[in-house]
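Chemist: Structure below; questions to follow.
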Amino acid sequence: MKKNKLFVACDTTSIKKIKKIITETQSSNLKVGYKFGLEFLNSKNGRTFVSKVKNKTIFADLKLHDIPNTCASAIKAIKDLKVDYLTIHISSGLDALKAAKKVSGKIKLIGVTILTSLDNKALKEIGFNKDVKKIVHHQAKLASKAKLDAIVCSAQEVKIVKKVFKKEIITPGIRFSSITNDQKRTLTPKQAYRNGATWLVVGRDITKGNIKKNIKKLIDHLNQ
Ligand code: C5P
């Protein structure tokens, strides 16, 4: 049977904690990759640590959001890390997405849609008039046009995205505990895979508390 794919969000500045996360999330039931975001990659030793990780699927969640030249230059600057996946906000615009794709080479370029921490009320506050689902659908079409390799969206929008984007779909905002924290558009792991997500991203539900127990809880939830 095909294994469910999971990126564990390694959101910390502690190398010791990252090592513990990597050791304790090994599972024969799941294909596990590791996501390093703004917190770890901006920490003093984070970048060097990631450059030395071997034989793991690595996702650099840089969430680039800038003009085409800067996005492309940032990708060139991170190439030595040999990461497998890298994020750019689709709202950077088509030219920036194309410029990024042109230089990304073997790195799979992931377009980030509307953050899972935003709901319709928050979008209105920013000045967007369309609702989340319409914007995400629109952004997925743009990602397709720019030939991106994957999309990040809420698991709630996977079915909408699938209509216009045929490659990998990666979903954060996953909860199998009752605590949503700052996330607004959440679903359970089971619902997310059922909707057609290729990879889930899970951070705090795995990394807070007893990591081994949390992984077991996730596997039990998937087998229920
Ligand atoms: O702890 P939690 O499971 O909420 O972590 C989710 C992770 O996914 C965080 O590292 C966050 O930066 C990332 N992410 C997200 N929403 C997006 C894109 C990335 O939550 N749209």
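Chemist: Largest first and in whole Å, give the semi-axes of segment 4-223's equivalent ellipsoid, each being the square root of 5 times a Cα gyration tensor eigenvalue.
Modeler: Rounded to whole Å, the semi-axes are 26, 22, 15.
Chemist: Still on this structure: Can you compute the charge dipole magnitude of segment 4-223 about its Cα centre, using +1 on each Lys and Arg Cβ and -1 on each Asp and Glu Cβ, nothing else charged? Give it in debye, rounded to the nearest 20.
Modeler: My answer is approximately 560 debye.
Chemist: Just going by the charge dipole of segment 106-210, with Lys and Arg at +1 and Asp and Glu at -1 on Cβ, which of Gly203, Ser177, Gly127 is farthest out on the positive end?
Modeler: Gly127
Chemist: Okay, next question. Given H placed on each backbone N at 1.01 Å, which residues far from Asp61 in sequence or on other chains put an amide H within less than 5 Å of it?
Modeler: Phe36, Gly37
Chemist: As I understand it, the dipole of the chain uses +1 on the Cβ of Lys and Arg and -1 on the Cβ of Asp and Glu, about the Cα centre. Which of Ser43, Ile22, Ala72 lies farthest toward its positive end?
Modeler: Projecting each Cα onto the dipole axis, the largest value belongs to Ile22.
Chemist: Using only helices, what value at 222 nm comes out for the chain when you add -39,500 (n - 2.57) per DSSP H run of length 4 or more and divide by the total residues, to the nearest 500 deg cm²/dmol?
Modeler: Rounded to the nearest 500, the figure is -12000 deg cm²/dmol.
Chemist: Listing Glu157, Glu125, Glu168 from the residue with the fewest other Cβ atoms within 10 Å to the one with the most, what is the order?
Modeler: Glu125, Glu168, Glu157
Chemist: ³J(HN,Hα) across segment 45-50 via Karplus (A = 6.51, B = -1.76, C = 1.60, θ = phi - 60°), whole Hz, x for Gly/Pro?
Modeler: Along segment 45-50, the couplings run 10, x, 4, 4, 4, 4 Hz.
None of the figures in this text is laboratory data; all of them are computed from the coordinates on show. Bear in mind that the values here come from a model prediction, so they are computed numbers and not experimental data. Note that we place each Cβ from the backbone using ideal geometry, even for glycine, and neighbour counts take in every protein chain shown.
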